[in-house]
Amino acid sequence: MAFIIAVAQQKGGAGKSTLAANLAVALLAGGKRVALLDTDPQQSLARWHALRPATAAELVFESSSGWRLTGAIDRLRKSMDYIVLDTPPHADTDSRIAIRASDLVLIPLQPSLPDLWASEATVKLAEDEKREHRLVLNRLPASGRLRDVVMEELARRKAPLLKQSLGNRSAFAAAFALGLGVTESAPRSAAADEVRALASSLIKPKGQ
Ligand SMILES: Nc1ncnc2c1ncn2[C@@H]1O[C@H](COP(=O)(O)OP(=O)(O)OP(=O)(O)O)[C@@H](O)[C@H]1O
Ligand SMILES: [Mg+2]
């Protein structure tokens with residue numbers, strides 16, 4: 001049975017599609033079967049997938065939203081090891097369906113207080129649906145005042161923060177433009193190290 005990961009955050013541009021695509025590609029390692037489902041009408045990942053070279057590792061891809069999403073998940077659940085769901089930038093029905101269907105919700109946020117506030121709606125959705133959820137810091141600088149302020153606020157709230165974050169790295173946009181993940185286009189880059197570490201911290205529990 002697939003382990004289902006929803007990537008959700010109502011704030012636009014937080015890095016949902018970047019995280020979903022790179023995570024899905026990294027999870028392919030070791031011959032795992034991975035499906036990536038784009039539930040966002042913006043179709044960023046459908047366009048990314050259309051650029052994917054025929055020689056790249058096989059990633060099952062579908063665009064699906066609303067009631068069709070539940071059907072697509074039911075169809076793929078038995079044959080996949082992982083299903084990664086990208087969601088639109090709002091906390092409405094489609095995000096709720098994706099969150100409800102998931103085993104784990106990843107909530108990317110950039111290190112700023114408005115991003116942190118925006119993540120509250122998605123955290124609440126995940127809590128309402130009783131789903132495991134983790135905040136993932138994206139475009140995190142290695143040091144600086146902003147980083148400190150956001151880290152302090154997250155600690156004060158006892159926010160469920162994933163240890164592994166992603167830095168602000170041009171490799172992400174470069175890989176995206178080729179229909180690839182950073183672990184494929186720049187496997188020795190710092191970005192690839194971060195994505196691999198993130199993926200292995202999510203390896204699904206035994207028996208799933
Ligand atoms: N870690 C990163 N380092 C550098 N650039 C990044 C990083 N993550 C995302 N970006 C860039 O930020 C922009 C927004 O990213 P992305 O499309 O993944 O966000 P999103 O949350 O899916 O947006 P939307 O809400 O519109 O769906 C893109 O140009 C992407 O290349
Ligand atoms: Mg997106």
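Working only within the range 73-104, note down all residues that are away from ligand 1 (no atom under 14 Å from the Cβ) and among the β-branched types (Val, Ile, Thr). Outline the logic, then answer.
Just the residues of the range 73-104 that are away from ligand 1 (no atom under 14 Å from the Cβ), to begin with: 73-83, 93, 96-97, 99-104.
Listed by number, the residues that qualify are 73, 83, 93, 97, 99.
Here's a check for you: in the range 59-104, which residue that is β-branched (Val, Ile, Thr) and free of Cβ contacts under 8 Å to residues at least 40 places away in the same chain is nearest to residue 124 (Cα to Cα)? Break it down into steps so the answer makes sense when it comes.
Here is the first cut: in the range 59-104, the ones β-branched (Val, Ile, Thr) are 60, 70, 73, 83-84, 87, 93, 97, 99.
Now restrict to residues that are free of Cβ contacts under 8 Å to residues at least 40 places away in the same chain: 60, 70, 93.
Numbers: 60: 30, 70: 21, 93: 14 Å.
Taking the candidates together, the pick is 93.
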Quick one: how many residues across the range 24-57 are within 16 Å of ligand 2 (Cβ to nearest atom), of a type in the set (A, V, I, L, M) and farther than 22 Å from residue 75 by Cβ? 1
The conditions are (1) in a loop (DSSP other than H, G, I, E, B); (2) over 22 Å from residue 199 (Cα atoms); (3) more than 15 Å from the chain's Cα centre (by Cα), and residue 111 fails exactly one of them. Which is it? (2)
Among the residues of the range 40-84, how many are of a type in the set (A, V, I, L, M, F, W, C), surrounded by 19 or more Cβ atoms within 10 Å (Cβ to Cβ) and farther than 22 Å from residue 1 by Cβ? 2
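So which residues in the range 161-184 are assigned to a loop (DSSP other than H, G, I, E, B), at pLDDT 95 or above and not hydroxyl-bearing (Ser, Thr, Tyr)? Before the answer, list the steps.
Keep residues of the range 161-184 that are assigned to a loop (DSSP other than H, G, I, E, B), which gives 162-166, 168-169, 177-181.
With at pLDDT 95 or above added as a condition, the list becomes 162, 164-166, 168-169, 177-181.
Answer for the range 161-184, where residues must be assigned to a loop (DSSP other than H, G, I, E, B), at pLDDT 95 or above and not hydroxyl-bearing (Ser, Thr, Tyr): 162, 164, 166, 168, 169, 177, 178, 179, 180, 181.
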For the range 92-105, how many residues are crowded, with 21+ Cβ neighbours inside 10 Å and out of contact with any Asp or Glu (no Cβ under 6 Å at 6 or more places or on another chain)? 6
Does residue 1 satisfy the criteria of being at pLDDT 95 or above, of a type in the set (A, V, I, L, M) and surrounded by fewer than 23 Cβ atoms within 10 Å (Cβ to Cβ)? no
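Among the residues of the range 163-191, write down those that are among the aliphatic types (A, V, I, L, M), more than 12 Å from ligand 1 (Cβ to nearest atom) and buried (at least 18 other Cβ atoms within 10 Å of the Cβ). Break it down stepwise before answering.
Step one: filter the range 163-191 for residues among the aliphatic types (A, V, I, L, M), giving 166, 171, 173-175, 177-178, 180, 182, 186, 190-191.
Imposing the further condition that a residue be more than 12 Å from ligand 1 (Cβ to nearest atom) reduces the set to 178, 180, 186.
Listed by number, the residues that qualify are 180, 186.
Determine whether the range 102-118 contains at least one residue that is within 16 Å of ligand 2 (Cβ to nearest atom) and under 22 Å from residue 1 (Cβ atoms).
Just the residues of the range 102-118 that are within 16 Å of ligand 2 (Cβ to nearest atom), to begin with: 105-110, 115, 118.
Filter once more, keeping what is under 22 Å from residue 1 (Cβ atoms): 105-106.
Yes; the residues of the range 102-118 include at least one that is within 16 Å of ligand 2 (Cβ to nearest atom) and under 22 Å from residue 1 (Cβ atoms).
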Check the range 44-66 and report whether any residue there is touching a Gly at 6+ places or on another chain (Cβ under 8 Å) and of a type in the set (Val, Ile, Thr). no
Out of the residues in the range 3-51 that are free of Cβ contacts under 8 Å to residues at least 60 places away in the same chain and part of a loop (DSSP other than H, G, I, E, B), state the one that is nearest to residue 198 (Cα to Cα). 28
Tell me which residues, restricted to the range 46-97, are at pLDDT 95 or above, among the aliphatic types (A, V, I, L, M) and in contact with a Ser or Thr (Cβ under 7 Å, 6 or more places away or on another chain). 46, 72, 85
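The values are calculated or read from the model by the stated rules, or taken from the named source; none is laboratory data. Just so it is clear, the model here is predicted, and its values are computed rather than measured. Please note: Cβ atoms are built from the backbone with ideal geometry, for glycine as well, and neighbour counts cover all protein chains shown.
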